[in-house]
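Asker: Input: one structure, supplied below.
The values are calculated or read from the model by the stated rules, or taken from the named source; none is laboratory data. Since the model is a prediction, treat every value here as computed from it, not as a measurement. With ideal geometry, Cβ positions are generated from the backbone for all residues, glycine too; neighbour counts draw on all protein chains shown. Calculation scope for accessible area: heavy atoms of the full protein, side chains included, ligands and nucleic acids excluded. Shrake-Rupley method; radii C 1.70, N 1.55, O 1.52, S 1.80 Å.
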Amino acid sequence: MPLVHRTIIAVDIEGLLDANREIDNYRETRKGMYEVLRTAFSESGIELDICEVQDRGDGTLVLVPPDISKSLVADRLPYRISSAVIRHNDRRVHPAPLRLRIGVHAGDLRTEDGYRSGRAVLTAVRLVDADVVSKELRAAGASVAVIVSEEFYTQIIQPDMGTSPRSYQPVAVPIEDTAIRAWLRLFGSGEFPSESSSSVPAPRTEQPPTPDSDVEWRIGTRGFGDRPPAADLLRRGAMIDALADVITPPAHDEDPDRSGPTVIALDGPWGIGKTSLVELVRARLDPASTPPTPVGKVRPLRVFEADRALGGRGTGLWRRDMLPRPDTEQPPLITARFEPWAHQTSEQVWAGLTGTLLGAVEQTLLPRSAPATERYWFQRNLDRVDRMRLRRSLRRNVRSPLTAVSTLALAVPLIAAMARSTDTYRLAWLVDIAGSNIAVGLTLVMLLGAIGHSLVRYFTRPAADFLPAELFAGPAPGGSDDEDLRDPYHNADSGYLYLAQHDVFAVLADVQACGHHVVVFVDDLDRCTPRATAEVFEAINMFVTRTFPITRFVLCLDTTTVAAHLDHVYATLKGKVPHGDDPTPGWSFLRKLIQLPVTIPHIDTDNVTALLDDLLGTPASAPRTTTPPTAGTGDQAPEPIRVQCRLL
């Protein structure tokens, strides 16, 4: 079997097999682990369903496909897992909390008995099982420990300061007869009591304040993660409403030339809240979109239909009326979010953008395993596969397993009958028949049963049961391990890019035909390399040109940074500014592509105060104490208490 490359994430539950953990808690903890992983992967932009997951009893093994950037795994996933664990523990029912040890490595694997194996898997498992990981996790009272291999650290984490490489500490991990160096990082330190401290807090003795004593108040917080909020903490409701109104497509009968801008840019420096604004706009748009009316019942694609189509005789396996259509005049919106910073080369940018668009369309109109979806992708993939080879494979697979047995059973008694005497037997007291003929008759019955079974499978069973699943779930991958799906043209770089573009444009044409529109939010564009930035803009330009007015783009960027990136890529245009108001060609490029630039305002003082109140709570007033008057002082007021506030 050929080797395949995977990013390997080994996950173990700390203390799952402790003797004091009840069986119900054991099950709930394992269930909680998978809920945490699904949430964290989704928030990181990686769907767990596209990964290979192998259960390990007290943990699991997640194999991430090679088209998912390792930088995405290193940058976002640890933070999302830590946040998901903390939220899970906060709402848990059972007393034992969830704590995870995570090992990360990457390498080539082979397939044995349906499972991926290899030295790379062994390394990831040894990393997560190392005693030093559990020891450091418990000593720090942390919720999550992430340990990565030396290779993963030096190649992925260390070059990218955004992954906080200085937060990782080197540790020695024994593997076989030697020790290798790995890198460990803890998340959620202080969430649990450390091993050296008692889990029972010491009793507190409240002493009433006296006029001569200082009362020290402390406002304690661990800080806040860099993730978009679910509420409008910056009081930008008017801007959210305006953007949602501009993005919402017009009614079907309106002039498409007056449908509004197709490329909108949200301009602002890093940290001003572009991502938060986009997420709130998406939340406003998604409920406003009327769910499409489901189509009538669509039959699964049968084997005989697929056989006829592969032979060039079957037509109309899928029709556009099989897609759900809206009931209102307002076209429903399909929203998608694309993060180009996770991609570097032209192939990665195109693969990421097309994958994002296809995934958003599939979620709304082409759900996985639906009969209409299987028919749709099978019909689209017919033009890029070897039909005759697939047809032979289909007929070979649909043939009943009884066929070979019954054929052999027929041949053996025929030969034996030639050498045996013709003994006769009376059947049902009516007919005399030779014994050899009885044997032949029984094998004929088996053969006819095998033929009948094959015909039943041919005319009634779904074709997806006998053909590669990739044919029914999306564009057929040219790099598939299945020999029946190999396509040399699709494997070539130019061929791949052409077919990727062809796939998404064809799908968007069908989306437009059934009355839907698509809006793509492109975030963190100013975090890309100059070459990747230019590739994203060239891709957007092609989409806007070929899919007007169905596809709209909302870009989150710092125009100064992006213009500098474009100037770097198109250095040959220096000095050739086509517009007098533009200082450089990069600014001219932005002016040409972006129809509506929106500058995000800075936060004013009033909103800063309101934001702190939302995050920290409303400040409490200082307590006042009354001290009985001493002799000779009469009704003299007590000395005010001095209050010191510190933000930890």
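Asker: Can you tell me how the stretch 521-572 classifies by the Cα gyration tensor, rounded, prolate or oblate, using a/c under 1.5 as the rounded cut? Please list the in-between numbers first.
Answerer: Numbers: a/c = 2.69, a/b = 1.56, b/c = 1.72.
Taking the square roots of the gyration eigenvalues as a ≥ b ≥ c, the stretch 521-572 is oblate.
Asker: Keeping the other protein chains in place, figure out the carbon and sulfur percent of the accessible area of the stretch 4-187, with a 1.4 Å probe. It would help to have the intermediate numbers written out before the result.
Answerer: Values: 3960 of 8380 Å².
Heavy-atom surface of the stretch 4-187 belonging to carbon and sulfur, 1.4 Å probe: 47 percent.
Asker: May I pose another question? Could you order peptides 49-60, 378-389, 350-361 by the average number of other Cβ atoms within 10 Å of their residues, highest first?
Answerer: Working: 49-60: 14.8, 378-389: 17.2, 350-361: 20.3.
Packing order, densest peptide first, comes out as 350-361, 378-389, 49-60.
Asker: For a Förster distance of 56 Å, can you work out the FRET efficiency between the beta-carbons of A139 and K574, rounded to the nearest 0.05? Don't skip to the answer; put the middle values down first.
Answerer: Numbers: r = 57 Å, r/R0 = 1.02.
The value I calculate is 0.50.
Asker: Which order do the peptides 63-71, 235-243 come out in when sorted by mean C-beta neighbours inside 10 angstrom, highest first? Could you put the intermediate results ahead of the total?
Answerer: On the way: 63-71: 17.9, 235-243: 15.0.
In descending order of packing, they fall as 63-71, 235-243.
Asker: To continue, here is another question. Sequence-distant or interchain residues sharing an amide H contact under 5 Å with A370, placed H: which?
Answerer: Answer set, sorted by chain and number: none.
Asker: Take peptides 444-451, 279-286, 27-34 and line them up by average Cβ neighbours within 10 Å, highest first, as a rough protection proxy.
Answerer: Numbers: 444-451: 15.0, 279-286: 18.9, 27-34: 16.9.
In descending order of packing, they fall as 279-286, 27-34, 444-451.
Asker: In the structure displayed, which of K31/K297; K31/K70; K274/K297 lie more than 32 Å apart, Cα to Cα? Mind dumping the intermediate values first?
Answerer: Numbers: K31/K297 35 Å; K31/K70 26 Å; K274/K297 43 Å.
Over 32 Å apart, Cα to Cα: K31/K297; K274/K297.
Asker: Give the accessible surface of the stretch 4-187 per residue, rounded to a whole number of Å², with probe radius 1.4 Å and ligands, DNA and RNA excluded. Provide the component values of the computation, followed by the final result.
Answerer: Values: 8380 Å² over 184 residues.
With all protein chains present, the stretch 4-187 gives 46 Å² per residue.
Asker: Sticking with this structure for a sec: Show the residues, 5+ positions off or on another chain, whose built amide H is closer than 5 Å to the amide H of V171.
Answerer: HN-HN under 5 Å from V171: A182, W183, L184.
Asker: Rounded, prolate or oblate: which one fits the stretch 4-187, using the alpha carbon gyration tensor with axes a ≥ b ≥ c (rounded when a/c is under 1.5, else prolate when a/b beats b/c, else oblate)?
Answerer: Judged from the Cα gyration tensor, the stretch 4-187 comes out rounded (a/c under 1.5).
Asker: V554's amide H: which non-local residues (gap 5+, or another chain) put their own amide H closer than 5 Å, with H modeled 1.01 Å from N in plane and none for Pro or chain starts?
Answerer: Result for V554 returns I264, V520, F521, V522.
Asker: Tally Lys and Arg at +1 and Asp and Glu at -1 over the other residues with C-beta under 12 Å from the C-beta of V507: what net charge comes out?
Answerer: Details: positive: R320, R380; negative: E362, D503, D510.
Summing Lys/Arg as +1 and Asp/Glu as -1 gives -1.
Asker: Relative to the Cα centre, what is the charge dipole magnitude of the stretch 4-187, using +1 at the beta carbon of each Lys and Arg, -1 at the beta carbon of each Asp and Glu, and rounding to the nearest 20 debye?
Answerer: Numbers: 24 positive and 27 negative charges, 97 e Å.
Computed charge dipole of the stretch 4-187: roughly 460 debye.
Asker: Hand me the trypsin sites (Lys or Arg not before Pro) from the stretch 76-157 located in a DSSP loop with no more than 12 other Cβ atoms within 10 Å, in residue order please. Provide the component values of the computation, followed by the final result.
Answerer: On the way: sites: R76, R80, R87, R91, R92, R99, R101, R110, R116, R119, R126, K135, R138; in loops: R76, R91, R92, R99.
Passing sites in the stretch 76-157 are R91.
Asker: Something else about it: Under a straight-distance cross-link criterion of Cα-Cα below 21 Å, which lysines are reachable from K592, leaving out those fewer than 8 residues away in the same chain?
Answerer: Excluding near neighbours in sequence, the set is K574, K576.
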